[in-house]
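As structure tokens, the structure follows; a few thoughts come after it.
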Amino acid sequence: MNPLKRLASQTAVYGLSSILGRFLNYLLVPLYTYTFVPADYGVVAEFYAYMGFLAVLMTFGMETGYFRFRSAGEDDPNTVLATVLRFLILANGGFLALALVFQQPVAELLRHGDHPEYIWWVAGILAMDSVGNAAFARLRAEERALRFASIKLIEIGANIGLNVFFIVLCRQAFEADPGSFLGRLWVPEIGVGYVFISNLAASGLKLLLLTPQFRGALTGFDGALFRRMLRYSLPMVVIGMAGIVNEMLDRAALKFLLPYDDATNMAQLGIYSAVFKLSILMMLFIQAFRYAGEPFFFSYAKQRDAKEIYALVLTWFVIFCVFIFLLVTLFIDGFQYFIGEAYREGLHVVPVLLLANLLLGVYVNLSIWYKLTDRTLMGAWVALTGAGITVVSLWLLVPAFGYEGAAWAHLICYSAMVVLSYGLGRRYYPVPYEVLRVFGYIALGLGLFAAGRWLTDELAWHPFVAGSLLLALYLLLVAVLDGRRLLKAPDSRRRREMKTRRTPRAQATMRQATMRQAPSRGPAAGWRPSLRHIDLALAAAAALMAVVSLVLDDVAKAPLYALLAYLLWRLRDRRQERAEPERRDSTRRPPSHARPIPNAGSDSATSQAKVETVAAQTDRRR
């Protein structure tokens, strides 16, 4: 089966739980934002940000370690799972005990001394989710995507149902008759705490449904294997913590960085967290891609065309992400009703957050270099660098610009991480990524977004009409430029059959003969700029001017610059396509001075005869 189609099918199945399921879970955001004031919703956002940090810490990177050592084939898969599972049960049990003992001091430290119960509710959710992740990893490794999706959907359905039950039914019953059965279940002092109670019950149900995956995995702990897994996985904790810093530190630290009183800071946190949810389509697609992509990258790494496939995956990943970016930004007038009216003052940061999440997805694709080469420590340093950029950016921008500074901190961080990861990947695991094509599509998306603002603000077009036309234009350009390439994606089986027609020794012999015949370049044959390089430089300058126009709110000029950049980029691409066959022909066909001349001596004829003899002998052995 075509590897791209296999990855797409797995992404679609995992998306049933990740995209559809979490989208259903995100439907709770309208319930929260239309029910609670921004300050109360800020409490929910704050604690879930803390849970993001602790979730990475309490899994100890063992999920990725499980995939790595299971796919290596050196250890029994059940032993690998048992080693992971027993360690997670012991570690999370100790964490839950500490939370019960120190709940009051921790609550006062977080300025929630009136609600210490929040601490152990959150700790219980984390402990059950961490243990359950080991069972989910087994399902993913065994490619049992349907069971994975069904359990995820049941958990999410239970969480949604309990939220609706408590916040809607019980609350309405309390307002109508506090003495009724349902009315007595609503305690106003708990308030947003019912969000944590519902999540706690849903996590318990999920762990119960995962018990069949624990059978045969509670015995067989291997100490030596555990030490090897720990050495591999602990850098993943650093990477994960740095990633959570980049993703969630803004919501965890916003109330401490904003220069207002606690109530105003919590209200600002609630508004920022609500508009952050409008980028859910991008985040959910990236999450689904992560679920399917990580096992795919590991299992496909030994194929001969792996790097070519990885490059094609990144290109189409960016194409889909740009589509999501345009879908949300061009139709923001409709998406705004996803959140309550009190939260819509922060809609202007949604494009920045979407673009930042797009770059996060690009980084997820680029990060395969340290996972496949076991250079997780270097990957940890990349993530730590991004975390440092996030901390500095938040510290500088949030006090001056509020939550707008937090959004720009995301974009700055992920931009730096993409550049750094790409540079290191070129050295340790070079993949022929289509850099110009990738960033060309991003520039195209920004240009269409700027054109949409220009049509609606300057020409007074209806937002739905302008958005529909521009989105259709993007899809048309994708179909024209890359639709045929997707249909002709390389099939690994067909490529292996073609490459095995000649043995490796014969291929090496022919390569050596070609190298002997290739002309040498003299010292004067240096690099000279061509029309393609000039096109590239002009396209980069035009794209930069488009971004500057957006930042300076000069919307009228931005689409013109973006269109110019795109046309120059396509012109450069066309020149390169025309030059590629000529370059291949020149490398395959030896020049006239390197061809053997009749009656000019016997050296050339003898060397060519040797090459043909070796190739013939190799074929006979085969």
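The values are calculated or read from the model by the stated rules, or taken from the named source; none is laboratory data. The shown structure was predicted, so the numbers you read here are calculated from the model rather than taken from an experiment. Every residue, glycine as well, gets a Cβ built from its backbone with ideal geometry; the counts of neighbours run over all protein chains shown. Surface areas here come from the heavy atoms of the whole protein model, side chains and all, with no ligands, DNA or RNA. Shrake-Rupley method; radii C 1.70, N 1.55, O 1.52, S 1.80 Å.
Here are the numbers for the structure shown:
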{"read-out": "Condition met for residue 455 (more than 21 Å from the chain's Cα centre (by Cα), among the aliphatic types (A, V, I, L, M) and more than 30 Å from residue 575 (Cβ to Cβ))", "value": "yes"}
{"read-out": "Which listed residue, of 288, 224, 263, 301, is surrounded by fewer than 20 Cβ atoms within 10 Å (Cβ to Cβ) and closer than 27 Å to residue 414 by Cβ", "value": "301"}
{"read-out": "Neighbours by Cβ (under 7 Å, 6+ apart or cross-chain): first from the stretch 102-114, touching a residue at least 60 places away in the same chain (Cβ under 8 Å); second open to solvent by less than 30 Å² (accessible area, probe 1.4 Å) and of a type in the set (Phe, Trp, Tyr)", "value": "112/118"}
{"read-out": "Among (1) hydrophobic (A, V, I, L, M, F, W, C); (2) buried (at least 21 other Cβ atoms within 10 Å of the Cβ); (3) under 30 Å from residue 567 (Cα atoms), the one test that residue 420 misses", "value": "(2)"}
{"read-out": "Residues located in the stretch 274-306, provided they are at pLDDT below 85 and over 25 Å from residue 146 (Cα atoms)", "value": "279, 302, 303, 304, 305, 306"}
{"read-out": "Within the stretch 56-74, tally of residues that are open to solvent by 30 Å² or more (accessible area, probe 1.4 Å) and at pLDDT below 80", "value": "7"}
{"read-out": "Members of the stretch 22-71 that are among the acidic types (Asp, Glu) and either farther than 17 Å from residue 272 by Cα or outside any helix (DSSP H, G or I) (or both)", "value": "63"}
{"read-out": "Unique residue being open to solvent by 10 Å² or more (accessible area, probe 1.4 Å), under 22 Å from residue 24 (Cα atoms) and in contact with a helix residue (DSSP H, G or I) (Cβ under 8 Å, 6 or more places away or on another chain) when the list is 162, 182", "value": "162"}
{"read-out": "Residue satisfying all of: in the stretch 140-155; under 19 Å from residue 64 (Cβ atoms) and of a type in the set (A, V, I, L, M); least open to solvent (accessible area, probe 1.4 Å) among these", "value": "145"}
{"read-out": "Lone qualifier among 450, 466 - being open to solvent by less than 20 Å² (accessible area, probe 1.4 Å), within 16 Å of residue 326 (Cα to Cα) and touching a Pro at 6+ places or on another chain (Cβ under 7 Å)", "value": "450"}
{"read-out": "Subset of the stretch 22-43 [within 26 Å of the chain's Cα centre (by Cα) and either open to solvent by 10 Å² or more (accessible area, probe 1.4 Å) or more than 16 Å from residue 122 (Cα to Cα) (or both)]", "value": "22, 23, 24, 25, 26, 27, 28, 29, 30"}
{"read-out": "Neighbours by Cβ (under 6 Å, 6+ apart or cross-chain): first from the stretch 455-468, outside any helix (DSSP H, G or I); second of a type in the set (A, V, I, L, M, F, W, C) and open to solvent by less than 40 Å² (accessible area, probe 1.4 Å)", "value": "461/455"}
{"read-out": "Residue in the stretch 266-273 that is of a type in the set (Ser, Thr, Tyr), at pLDDT 90 or above, surrounded by 18 or more Cβ atoms within 10 Å (Cβ to Cβ) and more than 21 Å from residue 34 (Cβ to Cβ) present", "value": "no"}
{"read-out": "Count of the stretch 156-170 residues which are over 18 Å from residue 192 (Cα atoms) and free of Cβ contacts under 8 Å to residues at least 60 places away in the same chain", "value": "0"}
{"read-out": "Extreme residue, farthest from residue 64 (Cα to Cα), among residues of the stretch 84-120 that are open to solvent by 60 Å² or more (accessible area, probe 1.4 Å) and of a type outside the set (A, V, I, L, M, F, W, C)", "value": "114"}
{"read-out": "Selection status of residue 233, of a type in the set (Gly, Ala, Ser) and open to solvent by less than 10 Å² (accessible area, probe 1.4 Å)", "value": "yes"}
